[in-house]
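Taking it in order: structure first as structure tokens, then the write-up.
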Amino acid sequence: MGSTPTNGSCSHVVLFPFMSKGHTIPLLHFAQILLRRSTAVTVVTTPANRPFIAEFLNCTAVSIVTLPFPTAGGVESTDKLPSISLFYELALATSAMQPQFEQLLETLPPVSFMVTDAFLWWTQHSAKSFGIPRLVYYGMSCYSISLSIEAARSGILGGSQPDDELVPLTQFPWIRLCKEDFESGFRDPKPDSIVYEFNMKVMSATYGSYGILVNSFYELEPTFVDFMNKESSHKNWCIGPFCLAEQTPKKVYSEPDVKPRWVQWLDQKLEEKTSVLYVAFGSQAEISCEQLEEIASGLEESKVSFLWVIRKKEWGLPDGFEERVKERGMIVNEWVDQREILMHEIVEGFVSHCGWNSVLESICASVPILAWPMMAEQHLNARMVDEEIKVGLRVETCDGSVRGFVKREGLKKTVKELMEGEKGRKAKEKVRELADMANKAVQEGGSSCTALNSLLNETANC
Ligand code: UDP
């Protein structure tokens, strides 16, 4: 276990992120925001996740505490799972940490509130026994949460209509969803399934909580923030975008050698004045070899310059591809600082799986999105990007369905539309407006800053 907070502040917050990059990074940004408010922060994690967190925070002011995580396979994070289909086993196994978590709470200085991931439902019991307000972190937009609630109510989930039939939502009649917008386990919820059991645990723990911490800002989705505030018994604290916590996202390198080669390559493209398309599908998505080949061919035929970050698991590009595109394409198969790439002046488009962090990071960097959702609530995020906030367009699938295969022609056509077409130009205008609003929201007097002030005042315990 790590040391306890020592900065003498009277306010102390415990953060317990779920063990995946997409759920951890935003809470680490939130830790940075709290530190700047002279709030002491303890981050709770497992041994294997500690090095990433320590390196990310890169400061001693946050106390990092590890709890042993007794899993059979020794896997402590979703990106190390052989398949994301094992997610529920991993998530359910986290409850084995409850006794150690409660022992830790006994030893910590007074805690003003804790923020724990929705997937760590059992922390609600711990919070209640220790009388600590628990805020739940879902890592989703209010749009996706509201649409999920409405889809269940409107009978879209569990209904007998075909999976691809679009049905209007009662509360949001301009939005039409189909079952395919949801993961298969949610489409026809069966009370004896592991998905159902897990969701019930997560939801009932949320009902008992102090509120939801939302990584979003009011001006981005006012209708859906208002809906959630009206519908839920607890408060929703809209305090994002957390990725704006880094005050100087543009890194300063003392030596050119330490600058990652992909950033040097972007600098070179900037000198050449050649816009770059950034292509990345987050830390979890699993892409088939056939699909990978089509992506490669689509990018090659589009003739745009591109930086493609590819996960090691997916490595297996068509023969000679890298040689053929070497003048205008860079392929990276290691961890990159995505924020740094998106903030680079020469990056003008993002082919994204629409993980919520990627959407927010793209908006904050004024980069329009070509939405290619893969899993989880990414299909809802893609609808939001395309139909609601209009900061991008969707990739064209070969059969027009939301989960369909994307052929090279479909990718090439939509990439060109994003980078050179009218829809891309409009999306660029819109994303710039929203980036400006995001920056205002986190400044003094802005909606997110005001919400954070009120959370800190409400939970101050000394
Ligand atoms: N990320 C990164 N470098 C990588 C891959 C991912 O910095 O090489 C970050 C990305 O900026 C984002 C998070 O990891 O903050 C991924 O979260 P998101 O919600 O976009 O997708 P997920 O990985 O959860 O599907």
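The values are calculated or read from the model by the stated rules, or taken from the named source; none is laboratory data. Since this is a predicted model, take the numbers as computed values, not measurements. Cβ coordinates were reconstructed from backbone atoms using ideal geometry, including for glycine residues, and neighbour counts include every protein chain displayed.
Applying the criterion of being modelled with pLDDT under 95 and of a type in the set (A, V, I, L, M, F, W, C) to the residues of segment 1-27, the residue that is nearest to the ligand (Cβ to nearest atom) is M19.
With respect to the conditions (1) surrounded by fewer than 19 Cβ atoms within 10 Å (Cβ to Cβ); (2) under 25 Å from Q378 (Cα atoms); (3) away from the ligand (no atom under 16 Å from the Cβ); (4) among the β-branched types (V, I, T), V252 falls short on a single one, namely (2). Residue-level check: of (1) touching a residue at least 60 places away in the same chain (Cβ under 8 Å); (2) assigned to a loop (DSSP other than H, G, I, E, B), A127 misses just (2).
When M228 is tested against (1) within 23 Å of the chain's Cα centre (by Cα); (2) exposed (fewer than 14 other Cβ atoms within 10 Å of the Cβ); (3) among the aliphatic types (A, V, I, L, M), just one condition goes unmet, and that condition is (2). When the residues of segment 344-365 are narrowed to those that are in contact with a Leu (Cβ under 8 Å, 6 or more places away or on another chain) and not in a strand (DSSP E or B), which ends up nearest to the ligand (Cβ to nearest atom)? It comes out as E361. The set of residues from segment 158-190 being over 13 Å from R383 (Cβ atoms) and surrounded by 18 or more Cβ atoms within 10 Å (Cβ to Cβ) comprises K179, F186.
Could you count how many residues in segment 211-249 are assigned to a loop (DSSP other than H, G, I, E, B) and within 16 Å of S362 (Cβ to Cβ)? Within segment 211-249, residues that are assigned to a loop (DSSP other than H, G, I, E, B) and within 16 Å of S362 (Cβ to Cβ) number 8.
Residues are listed down the side, and each one gets a yes or a no for (1) closer than 30 Å to Y88 by Cβ; (2) modelled with pLDDT of 95 or more:
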site	(1), (2)
E197	yes, no
L220	no, yes
F224	yes, yes
M228	yes, yes
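Only a single item in (1) at pLDDT 90 or above; (2) within 30 Å of W237 (Cβ to Cβ) is not met by L157, and it is number (1).
Number of residues in segment 152-186 that are assigned to a helix (DSSP H, G or I) and under 28 Å from T116 (Cβ atoms) equals 6.
Within segment 305-320, can one find any residue that is surrounded by fewer than 16 Cβ atoms within 10 Å (Cβ to Cβ), within 9 Å of the ligand (Cβ to nearest atom) and either under 21 Å from T397 (Cβ atoms) or aromatic (F, W, Y) (or both)? Looking for residues that are surrounded by fewer than 16 Cβ atoms within 10 Å (Cβ to Cβ), within 9 Å of the ligand (Cβ to nearest atom) and either under 21 Å from T397 (Cβ atoms) or aromatic (F, W, Y) (or both), one finds none in segment 305-320, hence no. Of all residues in segment 321-339, exactly one satisfies the criterion of being within 16 Å of S275 (Cα to Cα) and either touching a residue at least 60 places away in the same chain (Cβ under 8 Å) or in contact with a His (Cβ under 8 Å, 6 or more places away or on another chain) (or both), namely M330. Taken over segment 13-52, the criterion of being under 13 Å from T78 (Cα atoms), in a helix (DSSP H, G or I) and not charged (D, E, K, R) is satisfied by G22, H23, T24, A48, N49.
Pairs meeting the criteria (first residue in segment 67-79 and farther than 10 Å from T46 by Cβ and within 16 Å of the ligand (Cβ to nearest atom), second residue modelled with pLDDT under 85 and not in a loop (DSSP other than H, G, I, E, B), beta carbons under 8 Å, at least 6 apart or on different chains) are T78/I84. Among the residues making up segment 260-275, those that are more than 16 Å from the ligand (Cβ to nearest atom) and at negative phi are Q264, D267, Q268, K269, L270, E271, E272, T274, S275. When E221 is tested against the conditions (1) among the charged types (D, E, K, R); (2) crowded, with 21+ Cβ neighbours inside 10 Å; (3) within 16 Å of the ligand (Cβ to nearest atom), the lone failure is (3). Would you check if V391 is farther than 28 Å from P173 by Cα, among the β-branched types (V, I, T) and surrounded by 22 or more Cβ atoms within 10 Å (Cβ to Cβ)? Here the answer is no, as V391 does not meet what is asked.
Looking only at residues that are of a type outside the set (A, V, I, L, M, F, W, C) and within 8 Å of the ligand (Cβ to nearest atom) in segment 321-343, which one is surrounded by the fewest Cβ atoms within 10 Å (Cβ to Cβ)? The extreme case among them is E334.
Looking only at segment 270-314, count how many residues are hydrophobic (A, V, I, L, M, F, W, C), touching a Ser or Thr at 6+ places or on another chain (Cβ under 8 Å) and outside any strand (DSSP E or B). Adding up the residues that qualify gives 2. The sole residue among F56, F30 that is surrounded by fewer than 21 Cβ atoms within 10 Å (Cβ to Cβ), within 16 Å of the ligand (Cβ to nearest atom), under 20 Å from the mean Cα position of the chain (by Cα) and closer than 14 Å to E246 by Cα is F56. Being more than 12 Å from the ligand (Cβ to nearest atom) and closer than 28 Å to K21 by Cα is true of E293.
Considering segment 106-147, the residues that are small (G, A, S) and away from the ligand (no atom under 16 Å from the Cβ) include one that is surrounded by the most Cβ atoms within 10 Å (Cβ to Cβ), namely A127. On the basis of being in contact with a Pro (Cβ under 8 Å, 6 or more places away or on another chain), outside any helix (DSSP H, G or I) and surrounded by fewer than 24 Cβ atoms within 10 Å (Cβ to Cβ), does V406 make the cut? Here the answer is no, as V406 does not meet what is asked.
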